[in-house]
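**Student:** Okay, handing you the structure first.
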Amino acid sequence: MNALIDLASDTKSRPTAAMRRAMAEAEVGDEQAFEDPTVNALCERAAALLGHEAAVFLPSGTMANQIAFRLHTRPGDEVLLEATTHPIHFESGGPAANGFCMLRPLQGERGKFTASDVEAAARGAYRHNPRTSLVCIENTTNMGGGAVWTVDEVLAVAETARYHGLKVHMDGARLANAAIAAGVPLSAYGRLCHTVWLDFSKGLGAPVGACLAGSRETIDEAWRIKQQLGGAMRQAGVIAAAALYALDHHVERLAEDHVRARRLAAAIAETNGLELLNGPVETNLVFFSTAPSGRNASDLQEALLRQGVRIGALDKHRMRACTHIDVDDAGIDRAIAAMREAMAT
Ligand SMILES: *Cc1c(COP(=O)(O)O)cnc(C)c1O
């Protein structure tokens, strides 16, 4: 039996042999005393890539979002973000528990909203209202289908936010996918935001970690919150080395994941009983529905698993497939064949 073709998430990739070698050979020290040369190098690199003065290495993107809420809001403040985004659905209520803020969902399209949505939602100084203080942009959108925010779209939102005195934070769990698809440097997005983070454990294929970037002053304050949340580390160079390796070797190759996702999407679109969701595939996420077949997503998921292919079942009918470094062209061929076989029976 061949190994599982795991398209359930782009977090399922395992560190390559070369990445593990880089980890084994990393120079290390006490991270929270700034004595880990590998972490220091990663933070400098991430800050420059993201167009900011400084960056801090964190255990997760989830922690980066919690820190952003603490940085940019006071207790009771309101955050504007799209209705399908990660902080609303997948952070265990962390924005309330750790960020003390209210989340105000904006109804966007494919996970994106516009400057006029911000214009309409930003509240004035009326004492009975929560104070609006932050706008969050998820790029690429996750549940919006891996859609890419263009630089112009971010610019328009950022300008409106600034006009209303709001800070802008970018959730960059898949920012490298966005930058590759848009053909722009990460900094083209990063410099438009007060804080921005990049995840190393999604498409970039590292086992753990994210870097949050901003001004020197902002990152100094982020360090205090990281310490409070228990995110300060010790010989973290072992994991930072994987992130540095990913920045050197796994960014350009994201274009291959995008081509494979489009190929998978084309096959799904041609399969009777399945319907593609969220418009054209722009990056590495493919959402589709089993509704036309009347079949439950969990049922198709099990049929695919029996053939060694895993795809995520999100609810009764919706499914999500993610391409990543551990799935090559042959893996996509196998996934397509398994899908056809499962839908034919
Ligand atoms: C995965 C993800 C996160 C959280 O990142 P972790 O490193 O898994 O904590 C945040 N936002 C989005 C859009 C994500 O997909």
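The values are calculated or read from the model by the stated rules, or taken from the named source; none is laboratory data. Predicted model only: the values in this text are computed from it and were never measured. Positions of Cβ are backbone-derived with ideal geometry, glycine not excepted, and every protein chain shown enters the neighbour counts. What goes into the accessible areas is simple: the full protein's heavy atoms, side chains included, and nothing from ligands, DNA or RNA. Shrake-Rupley method; radii C 1.70, N 1.55, O 1.52, S 1.80 Å.
**Student:** Just to be sure before I move on: is ALA26 open to solvent by less than 30 Å² (accessible area, probe 1.4 Å), within 21 Å of GLN307 (Cα to Cα), part of a loop (DSSP other than H, G, I, E, B) and at pLDDT 95 or above in the structure I sent?
**Tutor:** Judged against the criteria, ALA26 is not a match.
**Student:** From the list THR84, THR16, THR11, which one is open to solvent by 50 Å² or more (accessible area, probe 1.4 Å) and β-branched (Val, Ile, Thr)?
**Tutor:** Testing whether each residue is open to solvent by 50 Å² or more (accessible area, probe 1.4 Å) and β-branched (Val, Ile, Thr) leaves just THR11.
**Student:** Name the residue that is nearest to ASN278 (Cα to Cα), counting only residues in segment 134-166 that are crowded, with 22+ Cβ neighbours inside 10 Å and more than 16 Å from the ligand (Cβ to nearest atom).
**Tutor:** VAL157
**Student:** Sticking with this structure for a sec: Any chance you could count how many residues in segment 104-134 are touching a His at 6+ places or on another chain (Cβ under 8 Å) and under 28 Å from VAL286 (Cβ atoms)?
**Tutor:** Result for segment 104-134: 0.
**Student:** Here's a follow-up. Could you please let me know if ALA8 is in contact with a strand residue (DSSP E or B) (Cβ under 8 Å, 6 or more places away or on another chain) and part of a loop (DSSP other than H, G, I, E, B)?
**Tutor:** Judged against the criteria, ALA8 is a match.
**Student:** What number of residues in segment 248-286 are open to solvent by 20 Å² or more (accessible area, probe 1.4 Å) and assigned to a helix (DSSP H, G or I)?
**Tutor:** Count: 10.
Here's the yes/no breakdown for (1) within 16 Å of the ligand (Cβ to nearest atom); (2) farther than 30 Å from ARG131 by Cβ:
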site: LEU7; (1), (2): yes, yes
site: SER13; (1), (2): yes, yes
site: MET19; (1), (2): no, yes
site: ALA24; (1), (2): no, yes
site: VAL28; (1), (2): no, yes
site: THR73; (1), (2): no, no
site: GLU82; (1), (2): yes, no
site: ILE88; (1), (2): yes, no
site: GLU91; (1), (2): yes, no
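**Student:** For the list (1) open to solvent by less than 10 Å² (accessible area, probe 1.4 Å); (2) not in a loop (DSSP other than H, G, I, E, B), I need the number of the one condition that THR38 fails.
**Tutor:** Evaluating THR38 over (1) open to solvent by less than 10 Å² (accessible area, probe 1.4 Å); (2) not in a loop (DSSP other than H, G, I, E, B) leaves (1) as the failure.
**Student:** Condition test on VAL56, is it open to solvent by less than 30 Å² (accessible area, probe 1.4 Å) and part of a helix (DSSP H, G or I)?
**Tutor:** no
**Student:** Right, next: What's the total number of residues in segment 87-99 that are open to solvent by 40 Å² or more (accessible area, probe 1.4 Å) and assigned to a helix (DSSP H, G or I)?
**Tutor:** Final tally of qualifying residues: 4.
**Student:** Residues in segment 198-219 that are surrounded by fewer than 24 Cβ atoms within 10 Å (Cβ to Cβ), away from the ligand (no atom under 16 Å from the Cβ) and touching a residue at least 60 places away in the same chain (Cβ under 8 Å): how many?
**Tutor:** Selection size over segment 198-219: 4.
**Student:** Continuing with this model, one more query. Which of the residues spanning segment 221-233 are open to solvent by 30 Å² or more (accessible area, probe 1.4 Å) and either in contact with a strand residue (DSSP E or B) (Cβ under 7 Å, 6 or more places away or on another chain) or without any contact (Cβ under 8 Å) to a residue 12 or more places away in the chain (or both)?
**Tutor:** If the condition is that a residue be open to solvent by 30 Å² or more (accessible area, probe 1.4 Å) and either in contact with a strand residue (DSSP E or B) (Cβ under 7 Å, 6 or more places away or on another chain) or without any contact (Cβ under 8 Å) to a residue 12 or more places away in the chain (or both), then TRP223, ARG224, GLN228, GLY230 are the ones that fit.
**Student:** Another question, if that's okay. Could you grab me the full set of residues in segment 181-197 that are farther than 12 Å from ILE137 by Cα and within 16 Å of the ligand (Cβ to nearest atom)? Can you show your working first?
**Tutor:** We begin by selecting, within segment 181-197, every residue farther than 12 Å from ILE137 by Cα; these are 181-188, 191.
Selection gives ALA181, LEU186.
**Student:** Let me ask another. So which residues in segment 123-136 are among the hydrophobic types (A, V, I, L, M, F, W, C), modelled with pLDDT of 95 or more and farther than 11 Å from LEU106 by Cβ? Steps first, answer last, please.
**Tutor:** Kept after step one, since they are among the hydrophobic types (A, V, I, L, M, F, W, C), are these residues of segment 123-136: 125, 134-136.
Filter once more, keeping what is modelled with pLDDT of 95 or more: 134-136.
Of everything in segment 123-136, just one residue is among the hydrophobic types (A, V, I, L, M, F, W, C), modelled with pLDDT of 95 or more and farther than 11 Å from LEU106 by Cβ, namely LEU134.
**Student:** Among the residues of segment 108-125, are any assigned to a strand (DSSP E or B), surrounded by 15 or more Cβ atoms within 10 Å (Cβ to Cβ) and over 19 Å from the mean Cα position of the chain (by Cα)?
**Tutor:** no
**Student:** Okay, next question. Please go through (1) within 27 Å of the chain's Cα centre (by Cα); (2) under 14 Å from ALA338 (Cβ atoms) for VAL281 and return the number of the only condition it doesn't satisfy.
**Tutor:** (2)
**Student:** Here is a further query. Return the pair list, or none, for Cβ contacts closer than 8 Å from residues in segment 241-263 that are free of Cβ contacts under 8 Å to residues at least 24 places away in the same chain to residues that are surrounded by 16 or more Cβ atoms within 10 Å (Cβ to Cβ), at least 6 apart or on different chains.
**Tutor:** Qualifying pairs under 8 Å: ARG262/VAL281.
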